[in-house]
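K.L.:
Quick one: structure below, then a few questions.
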Amino acid sequence: MKTYENYSLLNNNTFGIDVSANYFVEYDSVEELVQLINSDLLKENKFLHIGGGSNLLFVGDYQGVILHSKMKGIDVVETTKDTVVVRAASGEIWDDFVAFCVNKGYGGVENLSLIPGEVGATPIQNIGAYGMEVKDVITKVECVSVETGDIKEFTNKECKFAYRDSVFKRELKGKYIVTNVYYKLKKVGVPQINYGSLEEEMKKYPEVTLSNVRKAVIDIRQRKLPEPKVWGNAGSFYLNPVISKSQYDSLLKEYPELPCYKVSEKEVKVPAGYLIEKCGWKGKSQGNVAVHGSQALVLINKGGADGLDIINLSDSIRQSVREKFQIELTPEVNLIFG
Ligand code: EPU
């Protein structure tokens, strides 16, 4: 276990915001985490657990302890005729886990290639892309209670997964730390490429294999999404809003090409990127922050921005979308105030 004081978080958030934390602690095992939970440091200070820092925005220095898992390990723990269960430790880089699965031919996470971040964060916001969500393969999430230090396992059902959502973002927010995640994968993966842009990209490949799907997803992401080391960003800044079918039908009269994804008989999800683009924000700068030119859902730090600069741009965008479409955009990124 390592503890640092007055620690710069610049390399721990993909937005590239230059803030610090009073303490930064990295642990290597469940035992160390339990020891930490029972320590005076955590009893006397507020704390926040982070993963790869790819879905948060620091607004000011953090007056407390930032925790980070360095737990490693990717192991096949169960095998049946058609499936394998792979356990991955929270500190593994998510894309290393995807690469491991694709190399072995295990199917179920290949469309989630190159999503930034670490394994421990995947169940929290039920990461998803190109028609796949991690909820469809997670069987179990092992956690430690921050109140008691006890280990608890959550079944898939107990995680209450939904679009970019789980029990860990709601009723149990801040109450458990994820230590290991169990994923059930097909031994011989069958590629799923029915998501529009992926289906199109796959036409470039002679064969639809898991590794070609991975390559295609990586190519699309690299084309559309800014590289955080070059342009600080946290991927999608907003959730795609869910609106009523009747509101969607009336919007279609003015915007006949407005895409949608069905949520239920009465509701659809519409791409926030489309709404933001139609408000004229795509590629626009406001001081040292901007809306990405290839995907309007992504806000970028052009260099030297702080959290408030991003929030001010976000407020302007939300107001435009509210006025033009009567739709409220909700940030997907976690805003962390000192
Ligand atoms: N669109 C626009 N303008 C834009 C961006 C998108 O008109 O600037 C339209 C596109 O033309 C397309 C539709 O919106 O018809 C969907 O675009 P895209 O496939 O890029 O997906 P998205 O709905 O904008 C979601 C996820 C992404 C994920 C992609 C692919 C959310 C909040 N975002 O974006 O996730 O990569 O689907 O599955 O659900 C992330 O969370 O960081 C992230 C990048």
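The values are calculated or read from the model by the stated rules, or taken from the named source; none is laboratory data. Small disclaimer: the values here were computed from a predicted structure and weren't measured. Counting neighbours? That spans all protein chains shown, and the Cβs are built from the backbone with ideal geometry, glycine included. All accessible areas refer to the heavy atoms of the entire protein, side chains included, with ligands and DNA or RNA removed. Shrake-Rupley method; radii C 1.70, N 1.55, O 1.52, S 1.80 Å.
K.L.:
So Y205 fits all but one of (1) open to solvent by less than 50 Å² (accessible area, probe 1.4 Å); (2) outside the structural domain of K187 (by TED's automatic domain parsing); (3) without any contact (Cβ under 8 Å) to a residue 12 or more places away in the chain; what number is the exception?
P.N.:
Among (1) open to solvent by less than 50 Å² (accessible area, probe 1.4 Å); (2) outside the structural domain of K187 (by TED's automatic domain parsing); (3) without any contact (Cβ under 8 Å) to a residue 12 or more places away in the chain, the lone unmet condition for Y205 is (2).
K.L.:
Could you tell me whether any residue of the stretch 287-306 is assigned to a helix (DSSP H, G or I) and either hydroxyl-bearing (S, T, Y) or at positive phi (or both)?
P.N.:
Taking every residue of the stretch 287-306 in turn, none turns out to be assigned to a helix (DSSP H, G or I) and either hydroxyl-bearing (S, T, Y) or at positive phi (or both).
K.L.:
Hey, another quick one. For the stretch 89-133, what are the residues that are among the hydroxyl-bearing types (S, T, Y) and under 23 Å from Y176 (Cβ atoms)?
P.N.:
Within the stretch 89-133, S90, T122 meet the criteria.
K.L.:
Also: Report, by residue number, each residue of the stretch 146-197 that is touching a residue at least 60 places away in the same chain (Cβ under 8 Å) and part of a strand (DSSP E or B).
P.N.:
Answer for the stretch 146-197, where residues must be touching a residue at least 60 places away in the same chain (Cβ under 8 Å) and part of a strand (DSSP E or B): I151, I177, V178, T179, N180, V181, Y182, Y183, K184, L185, K186.
K.L.:
Can you tell me how many residues within the stretch 1-42 are touching a helix residue (DSSP H, G or I) at 6+ places or on another chain (Cβ under 7 Å) and outside any loop (DSSP other than H, G, I, E, B)?
P.N.:
Of the residues in the stretch 1-42, 5 are touching a helix residue (DSSP H, G or I) at 6+ places or on another chain (Cβ under 7 Å) and outside any loop (DSSP other than H, G, I, E, B).
K.L.:
Can you tell me which residue among E133, E142, E110 is more than 16 Å from the ligand (Cβ to nearest atom) and over 22 Å from N12 (Cα atoms)?
P.N.:
Exactly one residue qualifies, and that residue is E142.
K.L.:
For K204, work out the one condition from (1) modelled with pLDDT of 95 or more; (2) among the basic types (K, R); (3) under 21 Å from the mean Cα position of the chain (by Cα); (4) more than 13 Å from the ligand (Cβ to nearest atom) it doesn't fulfil.
P.N.:
(3)
K.L.:
To continue, here is another question. Might you check whether a residue that is within 16 Å of the ligand (Cβ to nearest atom) and not in a helix (DSSP H, G or I) occurs anywhere in the stretch 63-83?
P.N.:
No, every residue in the stretch 63-83 fails to be within 16 Å of the ligand (Cβ to nearest atom) and not in a helix (DSSP H, G or I).
K.L.:
Within the bounds of the stretch 170-180, is there any residue that is open to solvent by less than 50 Å² (accessible area, probe 1.4 Å) and within 16 Å of the ligand (Cβ to nearest atom)? Even if it seems obvious, please write down each step before you answer.
P.N.:
First, the residues of the stretch 170-180 that are open to solvent by less than 50 Å² (accessible area, probe 1.4 Å): 172, 177-180.
Add one more test, that the residue is within 16 Å of the ligand (Cβ to nearest atom), and what stays is none.
No - not one qualifying residue is present in the stretch 170-180.
K.L.:
Considering each residue of the stretch 318-338, count those that are buried (at least 19 other Cβ atoms within 10 Å of the Cβ) and touching a helix residue (DSSP H, G or I) at 6+ places or on another chain (Cβ under 6 Å), and give that number.
P.N.:
Result for the stretch 318-338: 3.
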